[in-house]
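A.B. asks: My questions all concern the structure below.
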Amino acid sequence: MLMKLRNMIKGNEGQKGFTLIELIVVMAILALLAALAVPKVGTVLNESKAKAHNNNLDLIAHAAELYYDQKGTLPTDMSTLVNNHYLKTIPGVPNQDIGSGYSLGTVSNGIVLSPGSCNYNGTSFTSSASTTYTF
């Protein structure tokens, strides 16, 4: 289509290739599309990190609940879940803005995990200090 348009404007049927103006217009369109797409990709990646963090909390809580159901006591720390094969490894925090690592504490009827649940608001991560799971 561009070639037909070009031939109509120039009137030269025998020449092949694109003019500098045509190439500049295409580059400008591509730059505009990239400028619109790149910020959205960053937001999607950070939202997925917040969701991964919340899924890690749920995974740890389910492992602790299974430990409690089978052993009759609450796990004392994260390594208890790993050493007794309720977790393969201690999951890593997906983004250092959320926290540096997970820790587990106990309350009378459940566990407390920190850092707590997390959200990404488009510019930064917000997370609670801890999240309590009761069984």
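A.B. asks: Looking at this structure, is Asn84 over 25 Å from Ser127 (Cα atoms) and loosely packed, with under 15 Cβ neighbours inside 10 Å?
C.D. replies: So Asn84 passes the test.
A.B. asks: Got a sec? Which of Ala63, Ala129 is modelled with pLDDT of 95 or more and either surrounded by fewer than 18 Cβ atoms within 10 Å (Cβ to Cβ) or in a helix (DSSP H, G or I) (or both)?
C.D. replies: None of the others qualify; the one that does is Ala63.
A.B. asks: Within the stretch 104-123, work out how many residues are assigned to a strand (DSSP E or B), polar (S, T, N, Q) and either farther than 27 Å from Leu45 by Cα or under 16 Å from the mean Cα position of the chain (by Cα) (or both).
C.D. replies: 2
A.B. asks: Sticking with this one: Report whether or not Ala28 is surrounded by 12 or more Cβ atoms within 10 Å (Cβ to Cβ), hydrophobic (A, V, I, L, M, F, W, C) and modelled with pLDDT of 95 or more.
C.D. replies: When the stated conditions are applied, Ala28 does not pass them.
Yes or no, residue by residue, for (1) surrounded by 12 or more Cβ atoms within 10 Å (Cβ to Cβ); (2) touching a strand residue (DSSP E or B) at 6+ places or on another chain (Cβ under 7 Å); (3) at pLDDT 95 or above:
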position	(1), (2), (3)
Gln70	no, no, yes
Met78	yes, yes, no
Asp97	yes, yes, no
Leu104	yes, yes, no
Gly110	yes, yes, no
Asn119	yes, yes, no
Thr134	no, yes, no
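The values are calculated or read from the model by the stated rules, or taken from the named source; none is laboratory data. This structure is a prediction, so every number in the text was calculated from the model and none was measured. Backbone-built Cβ (ideal geometry, glycine too); neighbour counts: all protein chains shown.
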